[in-house]
Structures are given as C-alpha cells and as structure tokens.
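First up is the structure itself, then whatever we jot down about it.
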Amino acid sequence: MSVELVERVRRRLIGSGAGAGEIGPSVLADAVRAEVGGVAAHTDVLDALRLVRHELVGVGPLEPLLDDPDTTDILVTGPHEVWVDGRNGLRRTEIRFAGEESVRRLAQRLALAAGRRLDDAQPYVDGWLPGAGPHGHVRLHAVLPPIASCGTCISLRVLRPATHDLPSLAKLKTFAGNGLAVLEAIVDTRMAFLVTGATGAGKTTMLAALLGRVVPTERIVCVEDAGELLPAHPQFVRLTARPPNVEGAGEVTLRDLVRQALRMRPDRLVVGEVRGREVCELLNALNTGHDGGAGTLHANSPGEVPARLEALAALGGLSRPALHSQLAAAVQVVLHMRREGNTRTLAEIGVVRRAEAAAEVCPVWRAGRWTEHRPLLADQLAQRAGRPPC
C-alpha cells in the first residue's frame, strides 16, 4: 500500500470525526475502499489497518519496542534511525518511518496526549504520556527541526514499577560481600539515606527494595514525579506530582507534595527523586523527627552529593552554610549505584559527616569490602541498635 494512499485514508478518517477508539476494521475498510474506488485487496486493507493505526493510536510503529519488558529507552533520531536501550545495551532496530513528516506527526500527537504543545513556535517538549498502562510510565521528550538539525527527535523513557526486594537483589548480585546485612541494618535502625547514581543505574529499584524492608507497622508516605516505586509494604502511600496543562495552570509540584506529606502522619518520608527546590522541605522534615527518610539523587559519586544538593538548595533560597548544616544533621548514609554494561551494582556506601564548615561523604564500603572509615558507620549503628553491622 502506497504512502500516498495511507495519507488519503488518514485524512478521510480525520475528516469524518472518528476518534482513535472508533477506528475499527470495518470503518477502516470502508475508508480504504472509498479511496481506491471501491475495490481493494484484503492485503491492502490489512496494511492500511496497521499503518493508519500507527498514525492515530498509541506510539505508532514503536509499539513493539514498548511491549518488550526489557526496554528502558526508545530513541528516534530520524525516519530510519530508531534505537532501543535495555538489558542488551543500546542497539539499532529495523523499524522505519515513512518519512520525516511521519516522525513529526507522531511527536506532535504524543505531545498533545501529554498535554503539551509542539510546533514551530515551541519546538521542544518534555512530559509524561497519560496512564501507566501495561508498559509502566513513559516520559516523552521531542525536538523539532531546525533545532534538531537532522530531523525530528523523539526520546521515550520507560519507567516500570520497581518491585524487587533485598533478597532478590542479592540473588542478582546487585551487592557483594556482606552488603545485604549492611543494608538491612541501615533500614532497621531508621537511618536516613540517599540512593545516588547516573541515569539507569538502578536507583529506584534499590530504593523500592529498601522500603520493602521497613516494618509493616510504619507508615511510608512517598512523593514522586511518576509512580515508579511499588515496594511490598502494607502502609505505602504515594502522592504524584502533576504538570501544568496547556494553559499553564493546575501544576502540583514535588515541593507542594512534600508539604502535604508532612501532614499525613508519615513514619518515613520518601522523595522518589530529588531534583529541585523540594530538597529544602525534605531536609527540613528529616531534621524534625522524621527518621528513616529516603530519596534518590542523580550524582556521579557519593563525594559529589553535597555539591549537588547545594546547587538544588540554591533554587529554593537555602544558603550554602544552611544546606551543609541541615545535610549533616538530616542524612546519615549515601548508597551509590553504578551501571557497568548490563549490570547494576551497589558500588559504594558513604557516611555523611560534618567537616569544618561543610558536610562531606566518607566512603565506608566499596564493592563488598570495608574501608578505613568503617568505624563511622559502625559507631552510628551501634548507637542506634546496640550492635555493629555484620
């Protein structure tokens, strides 16, 4: 079936006012036969059904990639450049678009579904596709020419619910040596911690596993951009941020939700990902009796965490001395995740301590082995539980 015929069928269906959910096989068959003068082979009808639904429903020809449970990212850099990242690393696929206009239409349709605008006046978009669905949450980013000089670019990040517990991560060799015993001790003694690492390093998976260790009698209130965390815990309450609509109204930020979470009697307060000025409310909460709080943070190493939080806190008006003072008092442990090839591991455990006028993170455990700073963690655990870690 020619691209021109598919385009005519698409325009006919749009002109008829039929919604995406109303375009069934019989409706499409009638549209095809009308465009070809009443005679069409069954193969033409089937091809039209597939191609036109790609134009009007879901993520189009990218749907098979999204259906793969191992997919984490889908990257479109041109009509014949579709890449996928997952368990086997980044690879080029055989998926092809009809042309640049087809990629542009998909980007604009997805932007509209996310409640965003994408056109020549607003040539880039960042948003969440509605509904978790069978794929998990999908984050959309798209850029149009001439900003994207090689053609329309689409990036889809698939955020699937993190459901692993600590024993299952131990079986996957996520942490070596006595890592399981150390992590269990950190949770059991209600130490506040941050899980750090690069994109795709396994931060959310680790956080969900740690929250699953929390005793069932404690209430966890979690604030997230999207519902990724799904720990095996009977008292897990999630608050999800909401972006503004196309008019720019109705936004509910993570900072707003942290304030609301504090009024919901949390035993543990969790921020799914600390990425902005909400760090001010989180640190303030952890300094007011909410032990055992947690969150994730993008950072290259534990040692860079104070500087990273310093930059974020500045967005909320918190001064450098105040940030370092609150950090040293509020957070005890940093757990750093690293991705090497297709493997995600706990690379380092650091302890936050006050050093002169600033807070610093000292490494106490690396890849299953203690460092010379082990007493920093052992002393804190002994004070909280009466025993050092195993």
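Identify all residues within the stretch 67-116 that are basic (Lys, Arg), surrounded by fewer than 14 Cβ atoms within 10 Å (Cβ to Cβ) and touching a strand residue (DSSP E or B) at 6+ places or on another chain (Cβ under 7 Å); write none if there are none.
To start, the set of residues in the stretch 67-116 that are basic (Lys, Arg) comprises 87, 91-92, 96, 104-105, 109, 116.
With surrounded by fewer than 14 Cβ atoms within 10 Å (Cβ to Cβ) added as a condition, the list becomes 87, 91-92, 96.
Result: Arg91, Arg92.
Pick from Ala294, Ala314, Ala285, Ala378: which is free of Cβ contacts under 8 Å to residues at least 12 places away in the same chain and under 25 Å from Val252 (Cα atoms)?
Working: Ala294 fails: free of Cβ contacts under 8 Å to residues at least 12 places away in the same chain; Ala285 fails: free of Cβ contacts under 8 Å to residues at least 12 places away in the same chain; Ala378 fails: under 25 Å from Val252 (Cα atoms).
Ala314 is the lone residue from the list that is free of Cβ contacts under 8 Å to residues at least 12 places away in the same chain and under 25 Å from Val252 (Cα atoms).
Restricting attention to the stretch 184-194, does a residue exist that is hydroxyl-bearing (Ser, Thr, Tyr) and either buried (at least 23 other Cβ atoms within 10 Å of the Cβ) or touching a helix residue (DSSP H, G or I) at 6+ places or on another chain (Cβ under 6 Å) (or both)?
yes
Taken together, the values in this text are just the output of simple stated rules run on the coordinates, not laboratory data. Since we're looking at a predicted model, the values are computed, not measured. In this analysis, Cβ positions are derived from the backbone assuming ideal geometry, glycine residues included, and neighbour counts consider all displayed protein chains.
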